[in-house]
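To start, the structure under review is shown below, and the notes come after it.
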Amino acid sequence: MQRETAPYRTTSAKPCPREGDQGPAHMSTPQMPIAPADPAVRTPAVAATPRRHWRELVCLALEADDLYGAAALYPYASGSDRKRLGSRLFNTRRDRLALAALSFAPAAVLARLATVASESSDTTLGVRLARNPSTPGPALDALASQAGAIDDAGRLWQLLARHANAPHALLAAIASRTDDVAVLRALCENVGVPADLLTQLERRGIATLQRLLAIHLATDEETLTRLWNSTRANAVRAQVLRHPYCPDALLRSIPASVPEKRSVALHARTSGEVLTLLARDDEATVRRAAAVNPGTPAGALIALCFDAEPAVRRAVAARADVAPRVADWLAEDADAWVRRSLARNPACSTEWLERLVQDAESEVRRAVSRHPRCPARLLALLATDDVAWVRAGVAYRDDLPRAVLSQLARDTDIDVLSGVARNPATPQAGLARLAEHDVPDVRRGVILNRQATRRVLLPLREEAYPLHRVLVFEHPNLTDADRWRMRLDPDSEARMRIFGYFGRTLAPDTSPAHASRAAALSQPPIYSSTPCMNRRTRWSQDEDTRNH
């Protein structure tokens, strides 16, 4: 079986040479700049290398049949390049509508589209942008200013009210200017709505909003109390009882309905006395909820491990505090999924794993193979299991003995070989062989292996599957020079990811994105103290060091 390949070529996108360039052949491979001894003195040839590649990317994006490349570069462009890319993106209404529906379009592109929609009163464009989850907050404000001039703006208001990026001021303005229940429901469904706005919505007394308000995690305790007192609907009360801010007084007694009892049984602040009573409830779903709750007393759990409903016993078997005596009983349970839950439980000791590794049900043995503290001798036994799914569970472990991993590498099952390909301990020679496998799942395992070296990855740049090529492109062991050779990827979405990366890497210092990046870097680091390399360092850094 011949492995399929996809050459990187496009028929319409050709590099456009400029004055001072050395032609497409020269630009196909970036030259590694060498910094002189004095950092303040740099030759024009060294400084021009990133600009040459940037210009080629812009030319490729402008001449391509799709908009993706131009959209990826637009946030990082400035001056005439930004105007040319903007003309390619925004000149026709058909292109504007297509970009507005693109969920992975850059925020700068969506912001510009919102301005165009507001200036041209294009309702369809505005609705598409409001529906797009990536549209930034300022763009939503621009769309809101347009909505006032539309006769039938209900749909747009509803989308803006539900949008996760909508600023709090916009959400408050929407709530104050409408009585449309559909728009108010959208506000209650928005996870970003602040607590004070939810309180205002509750005071309107609209019954259809009560359950949504009881579900919302930002609803405060006072509002929950008013909801409890103002309704007799079991669905609303059950949500109030399940809420993290549920008043303590409501959790001290057992309610009447099954949904309410189940909510009390699941709540982390329910007392042990109430949980003991709920563990003896006639309804199995209530007993299962009590079995899941970490606060349920041990005495109640002993009764639950003999429950007639298997779902209840499974919940007990999965508890992190399962007692040894309870585990002994559950290890002999007639339900295979009870034994499976116990075998996968980190609290399961080696003694129980010794018993479960001999289980007749393959799913139980597979669970043993995935146990975080499964002994090496049991892993060696499971590596010879008759069921390939069990052997695959062993292959994905990072702590395998070398002999066991070598044995699994000689397996013929696809799931097993995929696990070996993902295993960071697999030797590079083995990864190179698996990278040539006929089945794409195995090759994908090699691509996802963070220990795969550059030498193993280079042939995989010509994978037939766009997803695989994107994953290879993003692998940390490739150099930027290796990635640059993938810029002519035939898949438009993959090419957009590639162009976006090089847009960030090669963006001119005068671009808006570069300015915002520089401002962010001027602030003290918040998430990481690792220094960022500048783009010249990334391009010229020794490849052996990168592959180490």
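The values are calculated or read from the model by the stated rules, or taken from the named source; none is laboratory data. All figures in this text were calculated on a predicted structure; none of them were measured in a lab. We place every Cβ from the backbone using ideal geometry, glycine too, and count neighbours over all the protein chains shown.
Data overview
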quantity: THR124 vs. criteria modelled with pLDDT under 95 and either in a helix (DSSP H, G or I) or under 26 Å from the mean Cα position of the chain (by Cα) (or both); calculated: yes
quantity: Matching residues, segment 31-77, being buried (at least 21 other Cβ atoms within 10 Å of the Cβ) and modelled with pLDDT under 50; calculated: none
quantity: Residue within segment 438-446 that is more than 17 Å from LEU405 (Cβ to Cβ) and in a loop (DSSP other than H, G, I, E, B) present; calculated: yes
quantity: Condition check for LEU217: in a helix (DSSP H, G or I) and more than 26 Å from LEU330 (Cβ to Cβ); calculated: no
quantity: Pair list, Cβ < 6 Å and 6+ apart or interchain, from segment 307-333 residues that are among the acidic types (Asp, Glu) to residues that are at pLDDT 90 or above and surrounded by fewer than 21 Cβ atoms within 10 Å (Cβ to Cβ); calculated: GLU309/ALA284
quantity: Single residue of ALA317, ALA347 found to be hydrophobic (A, V, I, L, M, F, W, C), over 30 Å from HIS437 (Cα atoms), within 31 Å of the chain's Cα centre (by Cα) and surrounded by 17 or more Cβ atoms within 10 Å (Cβ to Cβ); calculated: ALA317
quantity: Top-ranked residue of segment 204-254 - restricted to ones that are under 30 Å from the mean Cα position of the chain (by Cα) and over 22 Å from LEU184 (Cβ atoms), ranked as surrounded by the most Cβ atoms within 10 Å (Cβ to Cβ); calculated: ARG242
quantity: Given (1) within 19 Å of GLU56 (Cα to Cα); (2) crowded, with 18+ Cβ neighbours inside 10 Å; (3) at pLDDT 90 or above, number of the condition SER511 does not satisfy; calculated: (3)
quantity: Some residue of segment 335-346 being assigned to a loop (DSSP other than H, G, I, E, B), modelled with pLDDT of 95 or more and closer than 19 Å to ARG287 by Cβ; calculated: yes
quantity: Of all residues making up segment 421-437, the number that are over 22 Å from the mean Cα position of the chain (by Cα) and not in a loop (DSSP other than H, G, I, E, B); calculated: 8
quantity: Odd one out for GLY299, checked against (1) under 18 Å from PRO324 (Cβ atoms); (2) surrounded by 14 or more Cβ atoms within 10 Å (Cβ to Cβ); calculated: (2)
quantity: Top-ranked residue in segment 447-463 [being of a type outside the set (A, V, I, L, M) and in a helix (DSSP H, G or I); ranked as surrounded by the most Cβ atoms within 10 Å (Cβ to Cβ)]; calculated: ARG461
quantity: Complete set of residues in segment 398-434 that are surrounded by 17 or more Cβ atoms within 10 Å (Cβ to Cβ) and of a type in the set (Ser, Thr, Tyr); calculated: SER418, THR426
quantity: Yes/no for GLY205 being at pLDDT 95 or above and of a type outside the set (Lys, Arg); calculated: no
quantity: Top-ranked residue in segment 304-331 [being in a helix (DSSP H, G or I) and β-branched (Val, Ile, Thr); ranked as nearest to VAL292 (Cα to Cα)]; calculated: VAL316
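A quick yes/no check of all residues on (1) part of a helix (DSSP H, G or I); (2) in contact with a Ser or Thr (Cβ under 6 Å, 6 or more places away or on another chain):
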site: GLU119; (1), (2): yes, no
site: ALA130; (1), (2): yes, no
site: THR135; (1), (2): no, no
site: GLN146; (1), (2): yes, yes
site: ASN165; (1), (2): no, no
site: VAL193; (1), (2): no, no
